[in-house]
Amino acid sequence: MKKVAVHDLKPGMKLAKDIILDDGRFLLLKGFTLKKRFLEKIRLYNIPYVYVEDDSEETEYVSEEKIYSETFHTIKNIMQAVREGSDIDVDSVKKTICQIICRIINNDSVFMNLTGIRDIDNYTYLHSVDVCIYSIIAGKNMNLPMELLNNLALGAILHDIGKCKVPLEILNKPARLTDSEYEIVKKHSEYGYEILTKTSGLNEEIAKIALNHHEHWNGNGYPRGLKGEEIDLLSRIVAIADVYDALTANRVYRKRFMPHEAAEYIIANSGTQFDPQIVNVFIQSISVYPPDIIVMLNTGEIARVLETKGPPSIRPKVMVITRKEGPPVFEPYEVDLSKNPEYNIVDIIS
């Protein structure tokens with residue numbers, strides 16, 4: 001353990017002692033890996049120094065954050081270029097996808113703290129990145145061969161490329177779409193297939209994901225009303241990732257679902273909208289509430305999510321560290337939400 005001045009802290013260093021504010025509130029707990037945004041928060045409280053582990057050094061988290069950012073900019077540039085009539089830069093998207101796949105193969109949860117960070121203006125691009133990440137995690141846990149996993153990743157990140165042919169006034173409309181406008185938006189799946197089949201370096205398997213990711217297991221989807229295994233495997237994976245991520249985003253016409261609510265929706269629609277076998281893998285694979293994120297409970301308490309994955313992360317164990325109002329928490333304590341139904345997560349703080 002070593003004492004480090006705040007101005008010398010670097011992302012990736014691991015706390016050796018809790019950071020406690022003057023009023024007794026816990027800011028960050030022992031064992032927490034520092035990230036750039038938390039360094040800024042520490043400095044706001046004028047904390048002079050903290051204790052970190054001796055072997056702390058800049059970790060791979062920083063590079064994952066960089067990869068996520070680069071992927072966002074890559075898909076944004078591609079979609080803007082396609083809207084202006086240019087071709088897809090296939091090499092750039094393949095390069096960034098390769099980095100994401102390699103990281104997820106080594107660690108399923110590596111990008112989970114980065115997903116869900118979206119704003120209205122960049123929703124389509126960030127949604128594409130998140131759907132790609134969720135799809136790769138599911139594909140890896142389905143033991144897909146590398147070639148298929150690569151096609152899945154490319155199809156997932158380009159699944160909404162057809163929206164480039166949808167008028168911006170409809171795509172960015174700050175209200176719920178009319179029936180006629182919705183019919184226009186639904187065309188994006190066919191537009192996407194057309195774009196991808198004409199793009200050198202992308203195959204039919206990738207293009208089908210753009211076409212079929214809105215098909216439903218029971219045949220009630222679009223554009224062709226395919227049913228069950230008539231829908232290709234990769235599209236069935238992306239369909240789940242697409243809906244899960246879309247539900248957890250704020251939209252102008254509705255408030256976002258909490259991650260556990262989105263997971264419950266996916267489970268409730270298993271066998272009707274979604275392939276039930278893939279639903280099982282998806283829910284087992286993802287961290288609905290990734291470890292270390294800070295959440296607010298319905299009691300007004302602020303808590304840190306503890307390590308968990310799959311169905312248990314729908315109602316995870318949390319460590320209560322402070323309160324929004326009222327007396328500070330001097331001794332953090334654990335609450336298992338699965339055993340305490342009166343507790344619920346109502347917001348994600350960071």
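The values are calculated or read from the model by the stated rules, or taken from the named source; none is laboratory data. Keep in mind that this is a model prediction, so the values were computed, not measured. Counting neighbours? That spans all protein chains shown, and the Cβs are built from the backbone with ideal geometry, glycine included. Only protein heavy atoms, including side chains, enter the accessible area calculation; ligands, DNA and RNA are left aside. Shrake-Rupley method; radii C 1.70, N 1.55, O 1.52, S 1.80 Å.
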Selection count, region 301-314, where residues are in contact with an Asp or Glu (Cβ under 8 Å, 6 or more places away or on another chain) and either open to solvent by 20 Å² or more (accessible area, probe 1.4 Å) or without any contact (Cβ under 8 Å) to a residue 12 or more places away in the chain (or both): 4
Number of positions in region 315-350 that are open to solvent by 70 Å² or more (accessible area, probe 1.4 Å), hydroxyl-bearing (Ser, Thr, Tyr) and within 24 Å of residue 265 (Cβ to Cβ): 1
Among (1) assigned to a helix (DSSP H, G or I); (2) crowded, with 18+ Cβ neighbours inside 10 Å, the one test that residue 111 misses: (1)
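Select the helices (runs of 4 or more DSSP H) contained entirely in region 142-221, then report the ones holding at least 2 residues which are over 16 Å from residue 125 (Cα atoms) and under 22 Å from the mean Cα position of the chain (by Cα). Before you say what the answer is, go through the steps one by one.
Numbers: elements: 146-157, 168-171, 179-186, 188-197, 204-212.
Of the helices (runs of 4 or more DSSP H) lying wholly inside region 142-221, those with at least 2 residues that are over 16 Å from residue 125 (Cα atoms) and under 22 Å from the mean Cα position of the chain (by Cα) span 146-157, 204-212.
Can you tell which of 70, 60 is modelled with pLDDT of 85 or more, in contact with a helix residue (DSSP H, G or I) (Cβ under 9 Å, 6 or more places away or on another chain) and open to solvent by 60 Å² or more (accessible area, probe 1.4 Å)? It would help to see each step written out before you state the result.
Working: 60 fails: modelled with pLDDT of 85 or more.
From the options 70, 60, the qualifying one is 70.
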Inter-residue pairs, beta-carbon under 8 Å, first on the phi > 0 side of the Ramachandran plot and in region 316-328, second assigned to a loop (DSSP other than H, G, I, E, B), 6+ apart: 326/300
Sole exception among (1) of a type outside the set (A, V, I, L, M, F, W, C); (2) under 21 Å from residue 113 (Cβ atoms); (3) in contact with an Asp or Glu (Cβ under 8 Å, 6 or more places away or on another chain) for residue 323, by number: (2)
Condition broken by residue 262, with the remaining ones in (1) under 18 Å from residue 283 (Cβ atoms); (2) open to solvent by 50 Å² or more (accessible area, probe 1.4 Å); (3) not in a loop (DSSP other than H, G, I, E, B) satisfied: (2)
Close pairs from region 235-254: first more than 12 Å from residue 159 (Cβ to Cβ) and in contact (Cβ under 8 Å) with a residue 60 or more places away in the chain, partner surrounded by fewer than 23 Cβ atoms within 10 Å (Cβ to Cβ) and among the hydroxyl-bearing types (Ser, Thr, Tyr), Cβ under 7 Å, at least 6 apart: 249/123
Residue satisfying all of: in region 265-288; of a type in the set (S, T, N, Q) and either modelled with pLDDT under 95 or assigned to a helix (DSSP H, G or I) (or both); surrounded by the most Cβ atoms within 10 Å (Cβ to Cβ) among these: 287
Tabulated pairs, region 172-188, first more than 18 Å from residue 224 (Cα to Cα), second open to solvent by less than 50 Å² (accessible area, probe 1.4 Å) and assigned to a helix (DSSP H, G or I), C-beta under 6 angstrom, 6+ apart or interchain: 181/170
Some residue of region 133-147 being modelled with pLDDT of 95 or more, charged (D, E, K, R) and either outside the structural domain of residue 236 (by the TED database) or over 20 Å from residue 243 (Cα atoms) (or both): no
